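For reference, the structure discussed in these notes is given below.
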Amino acid sequence: MTASAGLAGWLGKTRTEDDLLIPGPARRLLATLDRDPAALSEGADLPPLFHWLYFLGETQVQHLARDGNPAEGGFPPPQPGSRVMWAGGRLQFLRPLILGLPAQRTSTVAAIDEKLGSSGPLTIVTLRFSLAQAGEIAVTEEVDVVYRPAAGAEEAERAPPRGRAEPAVPDTMRTVVFDPVMLFRYSALTFNSHRIHYDRPYVQTVEGYPGLLVQGPLTATLLAQLAAEVAPGRKLARFAYRALAPLYDGQPVDLCAQAYGGDLKLWAQDHAGVVAMTAEAAFKGG
């Protein structure tokens, strides 16, 4: 199908940004995850998916929509009146990003597609990124961003969970409870002002969700961290993740890993066993 008129003009648009990968944000994320921030300093490799703490833009408050997302400009492109979510992504790690050095990110709107989902029309925008240091590409990434019509509280309450039961038995499992402080800190670290992650009255009365929503990138980061824990000393070559259902604050979430050949299958499931995110990690030399 063809893209909506509001987004069609974005197809093929490219933007290049520069940033200095200072250790501070990465160290603060480690602290947020209750890990030793002293493990990272200038010259160290940036952990996988920690690049989401950089290249954050500078949207002024006057240019934000009611939900806290940018109302104009930016990547992904805004779509007024729509809910926006990261549906998944795919990354390749070609070489480490080094803390303390400048880096460059090139962003491209690679594809725009419209589909009819169970909740109505969906617009899927695929963003393509490449991150480089000293002229050498270190990470390539594709992110699928989904726009769907905004739903009121009653409609959201009627909507069934979209996740699925995971029949596999994990080799490794870690349990985490996302609390409001962790969600607030991650939103601050990523300059994410989307109110669904920190404004409980808004998310319950306007968006109709039962609690604060856990950021998809935070869940993906924890799964990548689990992969590193399960395979110490091995370097990620590829990582792919897919969001299936929302996770909420205050509820235990199981982070699971299962060996798959030389690689890993990973998933995050809620207290009821509903899988909210799946991921696959492939390692170099595997």
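The values are calculated or read from the model by the stated rules, or taken from the named source; none is laboratory data. As the structure is a computational prediction, the values presented were derived from the model and not from experiment. As a convention, Cβ positions derive from the backbone with ideal geometry for all residues, glycine included, and neighbour counts pool all protein chains shown.
Only a single item in (1) at pLDDT 95 or above; (2) in a strand (DSSP E or B) is not met by Gln225, and it is number (2).
When residues in segment 265-280 are screened for being assigned to a strand (DSSP E or B) and under 14 Å from Thr219 (Cα atoms), 10 of them pass. Evaluating Leu218 against the criteria (1) touching a Phe, Trp or Tyr at 6+ places or on another chain (Cβ under 6 Å); (2) not in a helix (DSSP H, G or I) leaves one unmet condition, (2). The condition (being among the hydrophobic types (A, V, I, L, M, F, W, C) and free of Cβ contacts under 8 Å to residues at least 60 places away in the same chain) is satisfied by just one residue among Ala224, Ala220, Ala231: Ala231.
Kindly establish whether Gly57 is out of contact with any helix residue (DSSP H, G or I) (no Cβ under 6 Å at 6 or more places or on another chain) and either at pLDDT 80 or above or in a strand (DSSP E or B) (or both). Yes, satisfied.
For Leu266, the conditions (1) among the hydrophobic types (A, V, I, L, M, F, W, C); (2) surrounded by fewer than 19 Cβ atoms within 10 Å (Cβ to Cβ); (3) within 20 Å of the chain's Cα centre (by Cα) all hold with the exception of (2). Of all the residues in segment 206-215, those that are surrounded by 17 or more Cβ atoms within 10 Å (Cβ to Cβ) and either in contact with a Phe, Trp or Tyr (Cβ under 8 Å, 6 or more places away or on another chain) or part of a helix (DSSP H, G or I) (or both) number 6.
Among the listed residues Val203, Val274, which satisfies the condition of being touching a residue at least 60 places away in the same chain (Cβ under 8 Å) and β-branched (Val, Ile, Thr)? Don't jump to the end; show me each part of the working.
Values: Val203 fails: touching a residue at least 60 places away in the same chain (Cβ under 8 Å).
The match here is Val274.
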